[in-house]
Amino acid sequence: MKIISIINLKGGVAKTVSAINIAYTLVAVHGKRVLLIDNDKQGNTSKFFGLYDPYGIGLAELLTDKKVDVDNVILQTAYEGLDIITANMNLLRANKEILMDSVRPQQTRLRKKLKKVRDQYDYCIIDNAPDLNLTVVNALVATDDVLAPIKIDQFSFDGLNEILEQIDEVSEFNSGICFKGCFVTMYQRSSVNEQGTALLEQQGYPIFATRIRKTVKVDEMTFAGKPLLEYAKRSTACLDYVALVNEYLDM
C-alpha cells in the first residue's frame, strides 16, 4: 500500500475535493483498492460520503486508544473498492492527548496502526487539515508521497516552504517520504495563473504539468455527494483529475 498525503497549510485550495477525486479515480479508472483517511476535524471528507458521525469512533480514537484497532474504524463507502477512516471534532482532543502522552511514541502511531491493512489496499489517500499538529505529523510520518494542491495566490505559496521544512523534520522518523510536487487547482487561463505557475517553477518547486481547471461542477459535486467521475464525467475538472492521476502513476 502506497500512502499519499494531500496537504497545504492554506485552506480553500481544494484539498478535500482533490483527495476524493484522486482516490475515486484510482478505484474507478485503474481498478485499485483505496483507503481514504479524513485527517481534518471538520470532517468534510466524511460528510461527503454520508459517513460523518460527531459521536462515532474514527481517526482520533485510532491514534489515542491502544485498544482501537484499524479494522474497528474502517468504513465502506457506497463505492466498491473505496473505504474510509472518518474524522470529527474529536481530533481536537486527540492532538492534546498525544501531546500530553509522554509514555507512548507520539509521531509513529498512525504508521504502526496502518501496517495491519497494508496488504488489503493498493493506495491510502490522506486528506490533511491545513495545520501542522500531531495528527498531521503522524500522517506525514506514515506517508510515502506528498502532493500539494495550490491555488495561484501568494498565501498558498507561503505555506510551501513550511511543508517542505516539516517533511525534512519528519524524515527523522520516515526517511522514505518524498515531496512529489504541487498541482494547480481552480486554474483559469489568465496572466496571473501563468505567471504564478512560472514563479513556482523558477523557485525550484516540482510541479505537475496537469492543472485542475475551475468549473462550477466541483461546487455542485459537493452538494451531490458524488465524485466527478460519477457526477460530471465530461467536466473539465474531471478530465483533469484523471490526467493528474495518470501523470502521478507514470512518474
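The values are calculated or read from the model by the stated rules, or taken from the named source; none is laboratory data. Computed from a predicted structure; not experimentally measured. All Cβ positions, even for glycine, are placed from backbone atoms using ideal geometry, and neighbour counts span all protein chains on display.
Some observations on this one:
- Residue count, the stretch 82-96 (criterion: surrounded by 16 or more Cβ atoms within 10 Å (Cβ to Cβ) and either at pLDDT below 95 or in contact with a helix residue (DSSP H, G or I) (Cβ under 8 Å, 6 or more places away or on another chain) (or both)): 10
- For K113: the one exception among (1) crowded, with 20+ Cβ neighbours inside 10 Å; (2) within 14 Å of V170 (Cβ to Cβ); (3) touching a residue at least 40 places away in the same chain (Cβ under 8 Å): (2)
- Restricting attention to the stretch 42-60, the residues being of a type outside the set (G, A, S), assigned to a loop (DSSP other than H, G, I, E, B) and crowded, with 21+ Cβ neighbours inside 10 Å number 1.
- Residues of the stretch 82-100 satisfying the condition of being touching a residue at least 12 places away in the same chain (Cβ under 8 Å) and either more than 16 Å from L132 (Cα to Cα) or basic (K, R) (or both): L82, D83, I84, I85, T86, A87, N88, M89, N90, R93
- Here Y121 clears all of (1) among the hydroxyl-bearing types (S, T, Y); (2) at pLDDT 95 or above; (3) surrounded by fewer than 18 Cβ atoms within 10 Å (Cβ to Cβ) except the condition numbered (3).
- Candidates are the residues of the stretch 231-251 that are in contact with a helix residue (DSSP H, G or I) (Cβ under 6 Å, 6 or more places away or on another chain) and either hydrophobic (A, V, I, L, M, F, W, C) or farther than 15 Å from Y187 by Cβ (or both); the one that is surrounded by the fewest Cβ atoms within 10 Å (Cβ to Cβ) is Y231.
- Restricting the stretch 183-197 to residues that are in a loop (DSSP other than H, G, I, E, B) and either acidic (D, E) or over 20 Å from I6 (Cβ atoms) (or both), the residue that is modelled with the lowest pLDDT is S190.
- Total residues in the stretch 22-41 satisfying the condition of being part of a loop (DSSP other than H, G, I, E, B) and either closer than 25 Å to L63 by Cα or aliphatic (A, V, I, L, M) (or both): the figure is 4.
- Among the residues of the stretch 65-81, those that are surrounded by 16 or more Cβ atoms within 10 Å (Cβ to Cβ), in contact (Cβ under 8 Å) with a residue 12 or more places away in the chain and out of contact with any Lys or Arg (no Cβ under 8 Å at 6 or more places or on another chain) comprise V73, I74, T77, Y79.
- Only listed residue being in contact with a Lys or Arg (Cβ under 7 Å, 6 or more places away or on another chain), closer than 17 Å to I126 by Cβ and surrounded by 18 or more Cβ atoms within 10 Å (Cβ to Cβ), chosen from L140, L147, L228: L147
- Within the stretch 215-238, the residues that satisfy the criterion of being closer than 15 Å to A28 by Cα and either hydroxyl-bearing (S, T, Y) or touching a residue at least 60 places away in the same chain (Cβ under 8 Å) (or both) are P227, L228, L229, E230, Y231, C238.
- Checked against (1) surrounded by 18 or more Cβ atoms within 10 Å (Cβ to Cβ); (2) at pLDDT below 95, V27 passes all but a single condition, namely (2).
- When the stretch 178-224 is filtered for residues that are under 18 Å from the mean Cα position of the chain (by Cα) and among the β-branched types (V, I, T), the ones remaining, listed by number, are V184, T185, I207, T210, I212, V218, T222.
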